[in-house]
Amino acid sequence: MPDLVLRDKALSKGQLSGKCPMQASVWPKFRQAIGDNPIVHTSNITPSSELTQRIHQAIAEAGGWLGFDRFMAMALYEPGLGYYTNALQKFGTMPSSGSDFVTAPDISPLFGQTLAVQLRGLLQATATNEIWEFGAGTGALALQLLESLGDDLDRYTIIDLSGTLRARQADTLLKYADKVRWLDSWPDAIEGVVVGNELLDAMPVQLLQRTGGVWHERGVVSAGQGFAWQDRLTDLRPPIDIEGEHDYLTEIHPQAEAFITSLADRLLAGKGGAAFFLDYGFPEAEYFHLQRHMGTVMCHQLHQADDNPLLAVGQKDITAHVNFTGVALAAQNAGLSVLGFASQAWFLLNLGLAERMAQATLPERSQAQRLVNEHEMGELFKVIGFATFDGHLLGFARGDRSHRL
């Protein structure tokens, strides 16, 4: 595949983020800010808690205004209090369990079994024997890969910020305790194959709002016990020009791109490897389409989506769609090759999911169908692959959309 057109990007080293949800393709209906120093208030603010108090303190220490990326980082990852570091249920198939969303490995074990076909080939090609998973959720994907890869895999390394999720992963993976390890931070080098399922969408984003033709950064201010939006003039811009003069809300993703850069550094420091990310999102031209004027930030709680991250802080997930062009450029600028980019449906079908489904029971087949249905995960979710080498992979044999990045 020819190199992508490169853009200059200032990529700061972002903090490692954890695993995250999926679900809605409905765009958030953020109310438009008005005036030179606009504030958008929210009603029915949830009562103050230790987390909200910490955020109020951070806002005060920052001079009364906090960028949304910092707010999102605290809401999701504040130690012991953020959504991904507290003890809430999060993952599950039914709202009655107290869970908020379901991910592909929990929908069907055929997901991990099919993905393992691609990973086995890459382990052999790189002469490595280790899988690395960032943000492993319940451990369901790790279990499926460990069972499928068997003796082809000597070690499975998980890097996850959540202590409560680590405990759940340890229970799930007890049978493979001799192969699994957890790390608290980046190693100096990574050798093997990296997997991130619904990882990048959980990394904090900055919000940009164009009002009256003028760009602002949207941040958060204190409003009594709760929070409100406030926009400030900024020199930040989306990576491409947005057509039209209409008001427009969108996101930029410096932390996700910095994560990819850091990962590339460590893959290149080792003897070689590859990485796959499965998530919902778009290429750049679609992401910043003139009609996508309300952004992609969305929250998930009890299997319901809402558009207000300023409510129920720490009690629900906050997510944004992935700009796959941005992460592809970050990988390429750091020295990795882009192996392919496809819908989840094409990727799994190329790896033999249909044949596995044909041998499954009717209920198993029905569940697995959700992975590839166009109106569910099949089209909204994409797969992108990077490596320290060039190559043609089975998962991208048909339906590769690298040319659209």
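Points worth noting:
- Whichever aspartates and glutamates have a C-alpha closer than 12 Å to that of Lys316, once near sequence neighbours (fewer than 8 apart) are set aside: Asp100, Asp306, Asp307
- Against the criterion of solvent-accessible heavy-atom surface with a 1.4 angstrom probe, Ser366, Ser162 sort, most first, into Ser366, Ser162.
- With DNA, RNA and ligands ignored, accessible area of Lys179 (1.4 Å probe; Å², nearest 10): 40 Å²
- Heavy-atom accessible area, probed at 1.4 angstrom with all protein chains present, ranks Ser222, Ser262 as Ser222, Ser262, highest first.
- Solvent-accessible area per residue for region 258-405 (1.4 angstrom probe, square angstrom): 35 Å²
- Set of aspartates and glutamates near Lys175 by C-alpha distance (under 13 Å), chain-local residues within fewer than 8 positions excluded: Glu147
- For region 254-353: rounded, prolate or oblate by the Cα gyration tensor [a/c cutoff 1.5]: prolate
- In terms of packing, defined here as the mean over residues of other Cβ atoms within 10 angstrom, the peptides 181-190, 302-311, 327-336 line up highest first as 327-336, 302-311, 181-190.
- The accessible surface of region 223-277, taken with every protein chain in place and a 1.4 Å probe, is 45 percent carbon and sulfur.
- Measuring with a 1.4 angstrom probe and ignoring ligands and nucleic acids, Arg370 comes out at about 70 Å² accessible.
- FRET efficiency, Ala58 to Phe389 (Cβ-Cβ, R0 60 Å, nearest 0.05): 0.90
- Charge dipole (region 309-400, unit charges on Cβ, about Cα centre) - positive-most of Leu353, Ala368, Phe324: Ala368
The values are calculated or read from the model by the stated rules, or taken from the named source; none is laboratory data. Just so it is clear, the model here is predicted, and its values are computed rather than measured. Backbone-built Cβ (ideal geometry, glycine too); neighbour counts: all protein chains shown. Note: areas computed on protein heavy atoms with side chains; ligands, DNA, RNA excluded. Shrake-Rupley method; radii C 1.70, N 1.55, O 1.52, S 1.80 Å.
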